[in-house]
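All remarks here apply to the structure that follows.
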């Protein structure tokens, strides 16, 4: 996963009301915090920017889309 990748949430998204299965989003940034936390992802979904989501959660709850969709 890298900046600019287009992804789609897949299910189930248990405990998350901000997104729905099938929502598309674009990766804006991936950063490694100084602490032992996993890499954090910033992405654009709909009309808002979401920050601080753990990379493992994003990888496990979404799928990459290619240019063809």
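The values are calculated or read from the model by the stated rules, or taken from the named source; none is laboratory data. Keep in mind it's a predicted model, so treat the numbers as computed, not measured. Backbone-built Cβ (ideal geometry, glycine too); neighbour counts: all protein chains shown.
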On the basis of being touching a strand residue (DSSP E or B) at 6+ places or on another chain (Cβ under 6 Å) and assigned to a strand (DSSP E or B), does residue 26 make the cut? yes
In segment 51-69, how many are under 13 Å from residue 24 (Cβ atoms) and in a strand (DSSP E or B)? 3
So residue 12 ticks every box in (1) part of a loop (DSSP other than H, G, I, E, B); (2) without any contact (Cβ under 8 Å) to a residue 24 or more places away in the chain; (3) in contact with a strand residue (DSSP E or B) (Cβ under 9 Å, 6 or more places away or on another chain) but one. Which box is left unticked? (3)
Has segment 12-25 got at least one residue that is surrounded by 12 or more Cβ atoms within 10 Å (Cβ to Cβ), out of contact with any helix residue (DSSP H, G or I) (no Cβ under 6 Å at 6 or more places or on another chain), within 14 Å of residue 63 (Cα to Cα) and at pLDDT below 85? yes
